[in-house]
Amino acid sequence: MVRRKLTLVVDPILCDGHGVCAELFPERVSMDPWGFPIVDNEDIPVQLEDHAQRAVSSCPRLALHLVERRQSSGRAGRKEKHPAS
Amino acid sequence: MRAPVAARRGPAPEATAFPRLLGGLGSDGAPVDLEAHLARWGAAPVASAGADLIDKLSASGVTGHGGAWFPVATKWDSIPHGRFSRPVVVANGAEGEPASGKDAFLLTRLPHLVLDGLSLAAAALEASQAVVYVPGPLVRMVEAAVDARRHRGLDPVGIQVIAAPDRFIAGQESSVVSILNGRREALPSFIGIEPIRTRGVNNRPTLVQNVETLAHVALIARFGPTWYRGLGTEQSPGTMLVTVTGRWAAPVVMEAPLGMPLRDVLDLSPGEAENYLGALLGGYGGGWVTMSTLMSLPLSEPAARQAHSSLGAGVVALLPRTVCPLAEVARVVSYMDEQAAGQCGPCIHGLAGLAQLTQALAFRPSALPGGTRSILDVCDLVDGRGACRHPDGVARFVRSALAVFTDEVTSHLQGRPCQLTNARGVLPCPRPDAIQSVGGGRW
């Protein structure tokens, strides 16, 4: 069975730049000069999933999402999940 | 009261006949009313529009003319439709880009081609709601066209006309949906999680398609993909509307076959090209190219992309030697900063920063000790970091300007700014408080 590929996505409208995500998950999140997160959209390896999950659930604005990467077959073939919900 | 409308009699027009969309216009460019429209093209085959229309669109290779150049058939295919999911279809004529006038031109002169396309989309996708989204000054005129059609029973689904706010981002797909959902402002929303095509207006699947694209659809449905491919190239078939600024005394909207050399579209000799500093393709979210690039470029999106630009919604603006290009860039970046929705942190801070830095480059280069590096760094920081494509467009606009106007950048940074920084600007940047009712007379 192929493991699903997870990646982080930030909703830039909700995000207020609290910075919790960069604090909790520096492997994929850094800060820009204005204090907003720059989210690396690389796949998250299984051993980092717990850290990613913690960053997602700790966001005070609920602006960070862990999503299943879109299939390359096109934008229609999306399958996402909000693990936080 | 319904009067039957005959399908078009006689053979289809020659596939190579040109112009196409604008072919129905008289020499005075007066609006084409419903009777004249039906006499020229016949009624659109709305009743028979189904999956086979999507097949025709696929074979025709038609792409979106609103700026994204996304294949139309792929977009329609991605919209869930059927008994349990009745989509909303929207003809997007907001055209927030100040340097573009082709959508307003099309809507005021040839509204029935657009409305045909909208009804074809509604029929093919089994939509239960159809909307035309246009600038406020065009609403009554489009409503009159819709009324005329209602009497003839041409549209299977009632067409509603909704006013778009007068701002740059009003035409962004998610802004359109926010207005149709009853918000007062045209603000983009974050669509990373749930695309509008599956959850848009009232959470229903929603097709937002540019008005010119729908006009092309109206002809493809009648005459088929082979006819459509009779003009243009294999990779970029068909024709497109172009708004040209700076070439003639006033901006001009024209139709051109894709793939045509831009120097022919612009009727520009190498000698005349010397009168210009560079050309902006695609508008304020597009990119600058040098005149030598322009003179060798065909009118096609892949070619424009290769030149680090985009045709966008078909804007071509030539910059005359009578202005300072860096002052023009600074004015446009300030305008784009003002026009931003102000929702996303990186865009709020980044565009304000770019406005300040480009002002400095144009007017106070000594305030830029790091040269253009600081400007390029901010471009990298805003690119791809908003909910919509607004910041990405500004980044491309600025980067390409720095790459094209290298001589001017060097002389400004060496403390020799050109003498033209205070010349009257040529690229339109309407002030929010000075926006007039434009009607159809803007072009």
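All but one of (1) within 14 Å of another protein chain (Cβ to nearest Cβ); (2) in contact with a Gly (Cβ under 8 Å, 6 or more places away or on another chain); (3) surrounded by fewer than 21 Cβ atoms within 10 Å (Cβ to Cβ) hold for B:I169; state the number of the condition that does not hold.
All conditions are met except number (3).
May I ask you to list the residues in region B:65-108 that are away from chain A (no Cβ under 14 Å), out of contact with any helix residue (DSSP H, G or I) (no Cβ under 8 Å at 6 or more places or on another chain) and among the charged types (D, E, K, R)?
B:R83, B:R86
Here's the yes/no breakdown for (1) crowded, with 20+ Cβ neighbours inside 10 Å; (2) at pLDDT below 95; (3) more than 28 Å from B:G200 (Cα to Cα):
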residue	(1), (2), (3)
A:M1	no, yes, yes
A:P12	yes, no, no
A:H18	no, no, yes
A:A22	yes, no, yes
A:V29	yes, no, yes
A:R61	no, no, no
A:R69	no, yes, no
A:R78	no, yes, no
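Can you name the number of the only condition in (1) in contact with a Cys (Cβ under 9 Å, 6 or more places away or on another chain); (2) surrounded by fewer than 19 Cβ atoms within 10 Å (Cβ to Cβ) that B:P98 fails?
(2)
Would you pick out the residues in region B:150-191 that are within 22 Å of the chain's Cα centre (by Cα), assigned to a loop (DSSP other than H, G, I, E, B) and at pLDDT 90 or above?
Matches in region B:150-191: B:P165, B:D166, B:R167, B:Q172.
Matching residues to (1) out of contact with any helix residue (DSSP H, G or I) (no Cβ under 8 Å at 6 or more places or on another chain); (2) farther than 30 Å from B:P237 by Cα; (3) not charged (D, E, K, R):
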site	(1), (2), (3)
B:P298	no, no, yes
B:P302	yes, no, yes
B:V315	no, no, yes
B:L326	no, yes, yes
B:D337	no, yes, no
B:C347	no, yes, yes
B:A352	no, yes, yes
B:Q359	no, yes, yes
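Hey, any hits in region B:312-330 for a residue that's touching a Leu at 6+ places or on another chain (Cβ under 6 Å) and under 30 Å from A:D11 (Cα atoms)?
Looking for residues that are touching a Leu at 6+ places or on another chain (Cβ under 6 Å) and under 30 Å from A:D11 (Cα atoms), one finds none in region B:312-330, hence no.
Kindly provide the set of residues from region A:1-32 that are over 21 Å from B:C388 (Cα atoms) and out of contact with any strand residue (DSSP E or B) (no Cβ under 6 Å at 6 or more places or on another chain), ordered by number.
The answer is A:M1, A:V2, A:R3, A:K5, A:H18, A:G19, A:V20, A:E23, A:L24, A:F25, A:P26, A:E27.
Failed condition for B:A30, given (1) more than 30 Å from B:G287 (Cβ to Cβ); (2) surrounded by 17 or more Cβ atoms within 10 Å (Cβ to Cβ), with all others met?
Exception for B:A30: condition (2).
Could you tell me how many of the residues in region B:91-105 are assigned to a helix (DSSP H, G or I) and within 16 Å of B:L427 (Cα to Cα)?
Total satisfying the criteria: 0.
If you scan region B:336-394, which residues turn out to be polar (S, T, N, Q), within 14 Å of another protein chain (Cβ to nearest Cβ) and either assigned to a helix (DSSP H, G or I) or surrounded by 23 or more Cβ atoms within 10 Å (Cβ to Cβ) (or both)?
Those that are polar (S, T, N, Q), within 14 Å of another protein chain (Cβ to nearest Cβ) and either assigned to a helix (DSSP H, G or I) or surrounded by 23 or more Cβ atoms within 10 Å (Cβ to Cβ) (or both): B:Q356, B:S374.
Here is a yes/no grid of residues against (1) within 18 Å of B:D52 (Cα to Cα); (2) touching a Ser or Thr at 6+ places or on another chain (Cβ under 9 Å):
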site	(1), (2)
B:N203	no, no
B:N210	no, no
B:H216	yes, yes
B:I220	yes, yes
B:P225	yes, yes
B:S236	no, yes
B:V242	no, no
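Taking the options B:P135, B:P80, B:P87, name whichever one is touching a residue at least 12 places away in the same chain (Cβ under 8 Å) and surrounded by fewer than 21 Cβ atoms within 10 Å (Cβ to Cβ).
B:P80
For B:L318, work out the one condition from (1) assigned to a loop (DSSP other than H, G, I, E, B); (2) more than 18 Å from B:A395 (Cβ to Cβ) it doesn't fulfil.
Status for B:L318: all satisfied but (1).
Determine whether A:A52 is at pLDDT 95 or above, within 14 Å of chain B (Cβ to nearest Cβ) and within 12 Å of the chain's Cα centre (by Cα).
Criteria not met by A:A52.
Can you give me the number of residues within region B:274-284 that are surrounded by 24 or more Cβ atoms within 10 Å (Cβ to Cβ) and outside any strand (DSSP E or B)?
Residues flagged as surrounded by 24 or more Cβ atoms within 10 Å (Cβ to Cβ) and outside any strand (DSSP E or B) within region B:274-284 amount to 3.
Would you say B:S60 is surrounded by 24 or more Cβ atoms within 10 Å (Cβ to Cβ), touching a Lys or Arg at 6+ places or on another chain (Cβ under 8 Å) and not β-branched (V, I, T)?
yes
List the number of the failed condition for B:D147; all other conditions in (1) within 14 Å of chain A (Cβ to nearest Cβ); (2) assigned to a helix (DSSP H, G or I); (3) charged (D, E, K, R) hold.
It fails just one condition, (1).
So A:P33 ticks every box in (1) crowded, with 16+ Cβ neighbours inside 10 Å; (2) at pLDDT 95 or above; (3) within 11 Å of chain B (Cβ to nearest Cβ) but one. Which box is left unticked?
(1)
Of all residues in region B:285-315, which are assigned to a helix (DSSP H, G or I) and either at pLDDT below 95 or among the β-branched types (V, I, T) (or both)?
Answer for region B:285-315, where residues must be assigned to a helix (DSSP H, G or I) and either at pLDDT below 95 or among the β-branched types (V, I, T) (or both): B:G285, B:T293.
Any residue at all in region A:15-27 that's closer than 22 Å to B:D383 by Cβ, within 14 Å of another protein chain (Cβ to nearest Cβ) and in contact with a Ser or Thr (Cβ under 9 Å, 6 or more places away or on another chain)?
Yes, region A:15-27 contains at least one residue that is closer than 22 Å to B:D383 by Cβ, within 14 Å of another protein chain (Cβ to nearest Cβ) and in contact with a Ser or Thr (Cβ under 9 Å, 6 or more places away or on another chain).
If you go through region B:106-119 one residue at a time, do you hit one that is assigned to a strand (DSSP E or B) and not charged (D, E, K, R)?
Taking every residue of region B:106-119 in turn, none turns out to be assigned to a strand (DSSP E or B) and not charged (D, E, K, R).
Restricting to region B:240-261, and then to whatever is of a type outside the set (V, I, T) and more than 18 Å from B:G67 (Cα to Cα), can you tell me which residue is surrounded by the fewest Cβ atoms within 10 Å (Cβ to Cβ)?
Ranking the qualifying residues of region B:240-261, first place goes to B:A249.
Here is a check on your reading of the model: is B:L207 within 14 Å of chain A (Cβ to nearest Cβ), surrounded by 18 or more Cβ atoms within 10 Å (Cβ to Cβ) and at pLDDT 95 or above?
Yes.
The values are calculated or read from the model by the stated rules, or taken from the named source; none is laboratory data. In this text, all values refer to a predicted model and were calculated from it rather than measured experimentally. Heads up, the Cβs are rebuilt from the backbone with ideal geometry, glycines too, and the neighbour counts pull from every protein chain shown.
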